[in-house]
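Everything below concerns the one structure shown next.
Bear in mind these aren't lab numbers, they're just calculated from the coordinates by the rules spelled out. All values derive from a computational prediction rather than experimental measurement. In this analysis, Cβ positions are derived from the backbone assuming ideal geometry, glycine residues included, and neighbour counts consider all displayed protein chains.
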Amino acid sequence: MDPAELFGTGNLPDSEPSLPEIKQDASPLFTVLPAEVRNRIYTFSLEYSGVLPWSDTKASGASYDGDQSTSTSAPYRGNAFYFRPGYNQPKRILTSLLQTCQAIYNEASLLPPAVSEHTFWFYRGPPHVKDASSPLRYFAKMTPKQRAQVQHLHFFTQQFFLEDKIWSTVWNGIEIVRRDKDKAQEAGAADGSGYESKTTTSPTSPSPPTSSSSSPQFSTSDLSFSIAVPKARRTETIKISPRTLTITLRHTDWWFWENDQPLGIDPFRVGRTIFSRPPSPPAEMSPDSRPSFPMKRPWGEQFVTMPSLEELTIEFETVMRKRDQLDDIIQRALHWRFPLRHRPWKSEMIYLVPEPRSVQAYTWVGATESELKCQGTKRSALVPQFARVNHSPKMGEGTSVAAWEDRTVPERPVLRPYTIGDGPRSGLPEGTEEYYVVFVTWKCQAEDEEAATPAGET
């Protein structure tokens, strides 16, 4: 069965207010503050944020005897596979602001999908996250106008997910298309017409509030790389146009990390990367020579199914004792060029090209490998006092709730910039070790532009 038929995608109507809007002529928010300032306020209020455990609606002193592994407020265990900087507890978008009045709703209702980082886990994600590894199910719950605002995607991927052809099935039932505005700007820049607008909105700076009717319109005229669904069903298929994608490879995502196997990854080789094999050359693809089916391509050539991308960031992580191995991979990664799309009017490819100046290294402190290996599949994801501990201990037990929480709640993990020559951290808490993280960014660039760029100035 077609995924679009299974989930009824593309048919969720956009919501419209049932009552007339009440003018807010007396509100300083609308009469004093300009639209740009209001937009900033809305953005800060509607971004994903961590929810403190004590903000839950349970009554004080309640006993948490049930399995709370699907809770949306308790902090994560420090040895959970998904516990890391930025992911120490569940996140929510608090939308109560949108219920204030229709004027605010009209201006800000589309900001949550625009400013949020839509995160998917392939695999070992938080158990409370719904549709963690199904973009189709996730985006099917949005209206067309909401999907039109999606700009940021984040994939946590195990290495086998990338290398065992699973990547090619991620977008089944979904079309990733380019916005008309982006295509026109690129064509104008190419023919020298100077069409490119100076008011282009960056992904991290949402445009000033406007009526929801001004959502970007999509076109499917250049979907030569989009193969998710038959053409006959494109009008019923989910369409998104993400601009940025972050791929995170955690220490526990590498092949056989449990056995301390050397690190190795090759985006241009089909199948599993063997450390001893020499790396494959970067892809050189033309519209006439590309394979007919994406599943036959290595994962580094799968980005042609995402023609709307403008920026790719890969986050590589390992333990500090393997820092030299990861640094070697980073040096090779600076020569990776990922085919993205082609310019039909010039018969040339556009690639995602690495930016050497984007390389940033960090460290953070997390659970030891032995702690991670001990994690069972059925073990609660939450720290004990929120999973199965009564918050009203009996008198005489000698342990207060506060003392128990101090003992079990892990410290919030923080990335610390790494400088060449830094030694290992000393005085780490028992049961923890240091992790090494490197970020590398690729941006879209045409072949002729790349040739004109001096070495080291990409």
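Tell me which trypsin sites (Lys or Arg not before Pro) from segment 82-172 have a DSSP coil assignment and no more than 13 other beta carbons within 10 Å of their own.
Sites meeting the loop and neighbour criteria: Lys130, Lys141.
As a quick test, which of the pairs Lys322/Lys373; Lys130/Lys322; Lys165/Lys443; Lys130/Lys165; Lys181/Lys239 have an alpha carbon distance above 27 angstrom in this structure?
Violating the 27 Å Cα-Cα cut-off are Lys130/Lys322.
Stretch Ser358-Ser370 to full length: gain in nm at 0.36 nm per residue minus the Cα-Cα span?
1.0 nm
Hey, can you grab everything whose amide H is under 5 Å from the amide H of Arg341? Only 5+ residues off in sequence or another chain; H modelled, so Pro and N-termini drop out.
Counting only residues 5 or more places away or on other chains, the set is Ile350.
Put a dot 7 Å past each Cα toward the Cβ at Arg332 and Lys141; how far apart are the dots in nm?
Spacing of the two 7 Å Cα→Cβ label points: 3.9 nm.
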